[in-house]
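What follows is calculated from the coordinates using simple rules that are stated; it is not laboratory data. Just so it is clear, the model here is predicted, and its values are computed rather than measured. Note: ideal-geometry Cβ built from the backbone for every residue, glycine included; neighbour counts use all protein chains shown.
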Amino acid sequence: MWDTLFINAEIATMRLGDVPYGLVPDGAVGIKDGEIAYVGPVRELGGDIGDVAREVHDVGGDLITPGLIDCHTHLVWAGERSGEFEARLLGKSYEEISAAGGGIKATVAATRGASEEELFDAAMTRLQDFIAEGVTTIEIKSGYGLDIATEMKILRVARALEDEDNIRVRTTFLGAHALPPEFDSTDAYIDFICNEMLPAIHTEGLADAVDGFCETIGFSTEQIERVFKTAVSLGLPVKLHAEQLSNQGGARLAAKYGALSADHLEYLAPEDAAAMAKAGTVAVLLPGAYYYLREDQPPPVAALRSTGVNMAVATDCNPGTSPMTSPLLATNMACTLFGLTAEEALAGVTRNAAAALGLDDCGTIEPGKRADLAIWDARRPAELVAPIGQNPLLARVFGGVICP
Ligand code: DI6
Ligand code: FE
């Protein structure tokens with residue numbers, strides 16, 4: 001006997017196959033012990049539905065999708081950077097603001113000065129927006145500490161958010177985000193990351209993956225490669241902010257290390273998509289940052305598509321380049337700004353977002369996967385992607401539990 005059964009649902013399973021969105025019309029989802037036990041047409045259940053499950057919910061034709069997954073956020077920070085928004089409107093570039101000591105460095109100063117409680121409260125407020133849109137798994141990066149104590153503080157807050165609410169958090173160590181003020185050499189800082197910071201964070205079990213910012217205003221491919229080598233020696237998977245503002249060859253490097261994902265990719269050389277496809281590295285597209293920085297070169301989606309690179313879509317929620325807490329809006333922007341189909345965009349916040357986090361137990365509605373679901377006041381999956389600023393979520397199911 002199953003614990004819970006949803007019937008009369010339009011189910012976008014998002015599993016791979018011939019049917020768009022993996023759609024099951026007039027469908028049912030059965031849940032047992034927090035996992036999906038059945039997904040298929042109601043009519044194939046047979047017999048008396050009351051005998052199949054302890055609790056039966058008739059959703060009256062509403063849409064059920066996998067719980068959404070945001071695979072790229074920097075959710076934990078202090079302070080705010082609206083002054084930089086104003087400066088950019090007056091003609092300053094993101095790089096100029098960064099070189100003048102603003103940008104990531106400004107958030108680092110504020111985050112170092114904040115208590116763990118202050119950081120937790122600020123992040124929890126943001127997290128509620130994601131939960132309200134049906135998110136069941138979220139990735140959170142460090143990278144606004146750049147010293148051992150503050151990086152650990154951020155990652156502890158990220159872990160604590162998971163304890164506090166019905167949400168799964170994957171943490172990523174992003175020490176190689178910017179050069180902290182104590183260092184005047186990027187090479188010396190990378191040495192510090194590899195010899196001290198990353199091993200200490202790993203010993204505390206605070207990071208599920210390791211990331212870096214490969215950019216002229218960040219770190220070179222040689223420097224990132226040293227971080228990757230350390231991560232690999234500790235058994236941690238890697239990912240990379242690559243080709244966001246210029247082409248540095250970061251995506252190629254990521255593919256060489258079998259990275260879970262390469263993220264941004266506006267300046268990806270189309271020929272590098274093949275290396276990503278071969279390595280199974282997911283392309284995480286971040287239209288919020290592209291929009292907010294008013295960039296004009298979108299990522300080479302046609303090359304990613306034709307080479308078979310899986311594309312995820314995420315908010316990049318951060319105070320400087322994408323102060324956005326809406327994965328639904330990110331799917332809309334991925335379509336309007338980057339040319340994804342609505343189905344690709346939805347796969348980007350479900351199946352492919354799971355892959356970008358190295359998770360194989362969520363992201364689709366299939367027997368054996370976690371029962372992480374979102375139930376929507378909608379009849380068609382595109383209704384989630386097409387509107388701007390509307391949220392049709394009715395309920396979220398986390399590990400089989402219907403959350404208020
Ligand atoms: N790329 C981004 O878009 C964010 N980090 C990164 O490496 C921006 C972070 C910030 O400006 O605070
Ligand atoms: Fe980012």
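Counting only alpha carbon atoms, the long axis of helix 104-113 and the longest principal axis of the chain meet at about 80°. Taking label points 7 Å from Cα along the Cα-to-Cβ direction, VAL401 and GLU118 give a separation of 3.2 nm. Amide H to amide H distances under 5 Å link CYS214 with PHE219, HIS241, where only residues 5 or more positions off or on other chains count and H is placed in the peptide plane.
In this structure, LEU89 and SER246 have a Cβ-Cβ separation that, at R0 = 22 Å, corresponds to a calculated FRET efficiency of about 0.45. Spin-label model, GLU96 to ASP18: label points 7 Å out along the Cα-to-beta-carbon direction sit 5.7 nm apart.
Per-residue extension of 0.36 nm, minus the Cα-Cα distance of GLU164 and ASP184, leaves a gain of 3.3 nm for this segment.
The H on the amide N of GLU80, modeled in the peptide plane, is under 5 Å from the matching H of no residue at least 5 residues off or on a different chain. Note on region 105-180 and region 289-312: Cα centroid distance 26 Å, given to the nearest whole angstrom. From the Cα gyration tensor of the chain, with a ≥ b ≥ c the square roots of its eigenvalues, which class applies: rounded if a/c is under 1.5, or else prolate if a/b is larger than b/c, or else oblate? The shape class here is prolate.
Fully extending the segment from ALA386 to ALA302 would add 28.1 nm, taking 0.36 nm per residue of separation and subtracting the current Cα-Cα distance. A simple rule links phi to the HN-Hα coupling: the Karplus curve 6.51 cos²θ - 1.76 cosθ + 1.60 with θ = phi - 60°, which for region 35-43 gives 10, 6, 9, 8, 9, x, x, 4, 5 Hz, with x for Gly and Pro. Residues whose amide H falls under 5 Å from that of ALA312, counting only those 5 or more places apart or on a different chain, are ALA283, VAL284, LEU285, with hydrogens built in the peptide plane. Per-residue packing, averaged as other Cβ atoms within 10 Å, sorts the ranges 346-352, 100-106 into the order 346-352, 100-106, beginning with the highest. Spin-label model, ALA109/ALA269: points 7 Å from Cα along the beta carbon direction are separated by 3.9 nm.
Near HIS72: Cβ cut-off under 10 Å, other residues only, Lys/Arg at +1 and Asp/Glu at -1. The net charge is -3.
Which semi-axis lengths, in whole Å and largest first, follow from the square roots of five times the eigenvalues of the Cα gyration tensor of region 1-59? Please report the intermediate quantities before stating the final value.
Details: eigenvalues 82, 30, 16 Å².
Listed largest to smallest, the semi-axes of region 1-59 are 20, 12, 9 Å.
Its Kirkwood hydrodynamic radius, worked out from the mean inverse distance over all distinct Cα pairs, puts region 149-258 at 14.3 Å. The stretch between GLU80 and VAL232 holds 51.3 nm of extra length on full extension. This uses 0.36 nm per residue minus the Cα-Cα distance. Helix 327-338 axis versus longest C-alpha principal axis of the chain: approximately 70°, rounded to the nearest ten. Hey, for a label at GLU222 modelled as a point 7 Å past Cα toward Cβ, could you say which residues of region 178-194 have their backbone N under 11 Å away? Correct set: 187.
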